[in-house]
Amino acid sequence: MIGRWRAYGLLLILLVPGLLAPGLAMAGDPTPYDLAGPTLRVNITRGAASLPIAQVPNLEAGDQLQIKADLPPSQSVHYLLVAAFLRGATNPPPEKWFFSAQTWTAKGRDGLRLAVPVGAQQALVFLAPQSGGDLKAVMDAVRGRPGAFVRASQDLNQASLDRSRLDAFLAAIHRNNQLDQDHLQDVSPLLARSLAIKLNADCLKKTPELQAACLTDGQTALILNDGQSASIVQALTTGESADLINQLSITRQADSGVYSPYVGAVMDIARIVDSFHTTQYQYAPAITTTDGDQLSLVLNTPPSFRAPMSVLMAALPAVGPPQAPTLHPVDPKQAYCVAKPDLVLPVDGAPLAFSTAYAHDMVLHLEGPGGKTLDLPVKADAEHGGLVIGAAKTDAFPLGEVDDATLRGDWGFEPFEGPHFHVQTTGPGQWALSAEDQQSLVVGRDDLVHLTSPRAVCVESVMLREAAADPQAVTWTLAKPDELAVTLPLKDAQPGAATLLVKQYRMAAAEETPLQTFTQAGRLDSFAYHLGDDTAVLKGARLDEVAGITFRGVAFKPGRLVTANGGDELALLPADAQAITRLKVGDGGTVKVAFRNGHTASLRGAVDPTRPSVTLISKSVDPPAAGAAKLVQLTDSAELEDGATLTFSFRAENPPAFSHDIKVEVGGEDGAVLATLTLAHGLVLADQKVAVATLNTAEALSASTFGPLRFRIVDASAGSGDWQPLATVVRLPQLRELKCTPGPARGRRCQLTGSNLFLINALSTDRAFDHPVEIPEGFTGNAITLPRPPAGRLFMKLHDSPAVVNEVALPGEK
């Protein structure tokens, strides 16, 4: 047990100096929670429903609590069980909010039965060694310093919630390492995404036997600030009692990062508790783990049974409204087949749904024609990266081709409704192969074809049967929710009739789709080479069989082959880079093509003029309409705000004047053309040598377009020019408010709220980013905690251009 708890090194420094012998503890020494303490049994009743503590994320006024100490029969120290409710840092609770039970008596062994009083905000449980006047001593301490206990309650809840995620991650890593080391490659990223754990991708490059140790190393940097656990604690308190939550992730002991959310909090508990120990008692806070109705206390120091004796203190869930999980589909557009065994719906955004039992009795609710419904049992499974659908009969459920399904369940006592998913069931496939793909089925090579059907996501297997031969499995992928990309192994096939056999989940027989394969000789359509280019291009069919080409004494070898629209396009690389420089514009002649089987063929070719080229003269930006996004001041002239209008001018170099059929193509780094500007739309000739182009990014680009933009000139007679850099598209977050806690300027914490905060890479109060606040990848929260910006200055690096430091015109500070 002790060896297991020592794995949790990130629960640091809850030192109560009086508990340690002089000289054994040095200031700042980390003391992990590795001591198993007592266990409580806690059940909560709300109305007619009762739940164990593991399923209850929050308490409400009027809840009936049953708390019992689960002590062994051999327990020698008599513990007084005390439950206390708090109502704020400056409002001591009344004495009637304290309840006690003598656990060593017959009556006390039954524990406490009590109701959450109206106005309570937090609940604490104490185990105090019997010493005479022990209840009064606890009551006086809490009533005398209520703010300290409020802050300790918050931090213990935060630490316990975050530790539940780390527990789940480490347990899964060790379990999978023992079962199948190779499986860690697949399961580790899913665990990290589900539990909001920082994953060291370099660990997956190591040999399998070293991966587990690497993945669990440096645990002080594993926990990501997910926002949900913080909101559960923070949303249930107000005013000064919420200050401590804002101190997460800023201590030097936490590597000054966002990945150790409760190091600063745990250090603060040490200072708080040490400040009010008495000659009779000192207080030893414990974090908790839950399993059913068991609330197990975990300590970081041995309790003392000599004066001052140790009072064990643990936090119950805070009192207030529930914070339901905000689960999101990883791919909202993806469709799923509910007939597939062990179906997983990938989700993220609510790590506590995976690390705790708060979310329970979950189902995927389906609604079909005629008002029929079906609920499929669902379980959150971090190792699979989402919601695992339990087995259920769906064959007779009359869903349409694609329907919405909704996640439903309970979060504690309250029902919640989660995200929607596109689902399908099995049924007649109505498989179709395009006429173009039918004509491209040429034997002698493998062919990629596309098979469409509204039931594509329910496909279990695809096989090819040729004539009277036995069927053979083929490689296939789901290209779209209604389309399969199937690779047909026709390299050694004979021309003639064939059949595709497509089987769906839970269907007894496969559906047949007839095919016709053909024999096609290699076809040569054209040869093109532009003076100055590094490659030539050959177009035709069956060009995968080309071994080499010779044109005017220059030898070319095959490069990249692209098959599209029933034809091939083969890039040709010169065997001698110097030989190609002897070619001149207008040089023509015979292109000799040699095939791998020894066959040769020829066609005519010529050297075309150099591709068109231009020089960028200037550019200007007309920003979008003013709004919250304007709070971010872009400092690099290369940055282009999403939604802005970019105007740029360029001068003709080759040819020296523009023709009236020129176009400008704007594309991304991957070579895809995103927008085309013509003289009829977006392009104006200032004269024969200078043109001005206008790109309205709001109209021409999608919301997912970001990063470097390039442009090139396209001339009908000279072809396409080379890509040239144009700008870097950046998307801006919507900032609303900067709210800071009251108090002296030094040490004040602030919250910056807004939407689309995942577009921020990092924030800093200094331009050099010496102490950045990094934003986790895919962050879905609406608030970021940061130090108070001195002199009202804040700096930001954007997700789309992380190398550039931009300034933020701060929203009104409150």
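Identify, from the list 537, 562, the residue that is of a type in the set (A, V, I, L, M), in a strand (DSSP E or B) and within 41 Å of the chain's Cα centre (by Cα).
Just a single option satisfies the conditions, and that option is 562.
Among the numbered criteria (1) free of Cβ contacts under 8 Å to residues at least 40 places away in the same chain; (2) surrounded by fewer than 21 Cβ atoms within 10 Å (Cβ to Cβ), which single criterion is violated by residue 90?
Status for residue 90: all satisfied but (1).
For the range 446-527, which fully contained strands (runs of 3 or more DSSP E) count at least 3 residues that are open to solvent by 30 Å² or more (accessible area, probe 1.4 Å) and hydrophobic (A, V, I, L, M, F, W, C)?
475-480
Considering each residue of the range 664-673, count those that are open to solvent by 40 Å² or more (accessible area, probe 1.4 Å) and farther than 21 Å from residue 644 by Cα, and give that number.
Matching residues across the range 664-673 total 1.
For the range 67-89, name all the residues that are within 26 Å of residue 119 (Cβ to Cβ) and of a type outside the set (Lys, Arg).
Matches in the range 67-89: 67, 80, 81, 82, 83, 84, 85, 86, 88, 89.
What is the residue count in the range 294-317 for residues that are in a loop (DSSP other than H, G, I, E, B) and either more than 17 Å from residue 82 (Cα to Cα) or open to solvent by 10 Å² or more (accessible area, probe 1.4 Å) (or both)?
10
Would you confirm whether any residue within the range 779-791 is closer than 23 Å to residue 641 by Cβ and of a type in the set (Lys, Arg)?
There is no residue in the range 779-791 that is closer than 23 Å to residue 641 by Cβ and of a type in the set (Lys, Arg).
Kindly provide the set of residues from the range 31-87 that are among the charged types (D, E, K, R) and open to solvent by less than 10 Å² (accessible area, probe 1.4 Å), ordered by number.
Once the filter is applied, which keeps residues that are among the charged types (D, E, K, R) and open to solvent by less than 10 Å² (accessible area, probe 1.4 Å), the range 31-87 yields only 63.
Take the residues in the range 550-559 that are in a strand (DSSP E or B) and among the small types (Gly, Ala, Ser), then tell me which one is nearest to residue 607 (Cα to Cα).
That would be 555.
Table: residues versus (1) of a type in the set (Ser, Thr, Tyr); (2) modelled with pLDDT under 90; (3) in a helix (DSSP H, G or I).
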position: 139; (1), (2), (3): no, no, yes
position: 142; (1), (2), (3): no, no, yes
position: 151; (1), (2), (3): no, yes, yes
position: 160; (1), (2), (3): yes, yes, yes
position: 165; (1), (2), (3): no, yes, yes
position: 168; (1), (2), (3): no, yes, yes
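Can you find, within the range 327-347, the residue that is nearest to the chain's Cα centre (by Cα) among those that are under 13 Å from residue 381 (Cα atoms) and assigned to a strand (DSSP E or B)?
347
If I ask for residues that are open to solvent by 20 Å² or more (accessible area, probe 1.4 Å) and among the acidic types (Asp, Glu), which ones from the range 555-573 would you list?
569
Six or more apart or on different chains, Cβ atoms under 9 Å: show the pairs whose first residue is in the range 788-803 and open to solvent by 70 Å² or more (accessible area, probe 1.4 Å) and whose second is in a helix (DSSP H, G or I).
799/758; 799/759
If residue 806 satisfies every condition in (1) assigned to a strand (DSSP E or B); (2) on the phi > 0 side of the Ramachandran plot but one, which is the exception?
(2)
When the residues of the range 93-108 are narrowed to those that are open to solvent by less than 50 Å² (accessible area, probe 1.4 Å) and touching a residue at least 40 places away in the same chain (Cβ under 8 Å), which ends up nearest to residue 41 (Cα to Cα)?
98
Could you check how many residues of the range 736-777 are open to solvent by 60 Å² or more (accessible area, probe 1.4 Å) and either assigned to a loop (DSSP other than H, G, I, E, B) or hydroxyl-bearing (Ser, Thr, Tyr) (or both)?
Of the residues in the range 736-777, 11 are open to solvent by 60 Å² or more (accessible area, probe 1.4 Å) and either assigned to a loop (DSSP other than H, G, I, E, B) or hydroxyl-bearing (Ser, Thr, Tyr) (or both).
Residue 136 versus (1) under 15 Å from residue 312 (Cβ atoms); (2) open to solvent by 10 Å² or more (accessible area, probe 1.4 Å): which is the lone unmet condition?
(1)
Any idea which residue in the range 677-687 is surrounded by the fewest Cβ atoms within 10 Å (Cβ to Cβ), counting only those that are out of contact with any His (no Cβ under 9 Å at 6 or more places or on another chain) and outside any strand (DSSP E or B)?
Per the stated criteria, the residue is 680.
Counting just the residues of the range 688-730 that are under 31 Å from the mean Cα position of the chain (by Cα), buried (at least 19 other Cβ atoms within 10 Å of the Cβ) and touching a residue at least 60 places away in the same chain (Cβ under 8 Å), which one comes out nearest to residue 632 (Cα to Cα)?
So the residue we want is 730.
So is residue 397 more than 28 Å from residue 49 (Cα to Cα), at pLDDT below 90 and either open to solvent by less than 80 Å² (accessible area, probe 1.4 Å) or of a type outside the set (Asp, Glu) (or both) or not?
yes
Residue-by-condition table, conditions (1) basic (Lys, Arg); (2) open to solvent by less than 40 Å² (accessible area, probe 1.4 Å); (3) on the phi < 0 side of the Ramachandran plot:
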residue: 619; (1), (2), (3): yes, no, yes
residue: 625; (1), (2), (3): no, no, yes
residue: 637; (1), (2), (3): no, no, yes
residue: 652; (1), (2), (3): no, yes, yes
residue: 660; (1), (2), (3): no, no, yes
residue: 675; (1), (2), (3): no, yes, yes
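Farther than 24 Å from residue 713 by Cα and assigned to a loop (DSSP other than H, G, I, E, B): is that true of residue 547 in this structure?
In short, no.
Can you name every residue in the range 540-554 that is surrounded by fewer than 16 Cβ atoms within 10 Å (Cβ to Cβ) and within 25 Å of residue 609 (Cβ to Cβ)?
Matches in the range 540-554: 553 only.
The values are calculated or read from the model by the stated rules, or taken from the named source; none is laboratory data. Just so it is clear, the structure is predicted and the values come from calculations on it, not from any experiment. We place every Cβ from the backbone using ideal geometry, glycine too, and count neighbours over all the protein chains shown. The accessibility values were calculated without ligands, DNA or RNA, using every heavy atom of the protein model including side chains. Shrake-Rupley method; radii C 1.70, N 1.55, O 1.52, S 1.80 Å.
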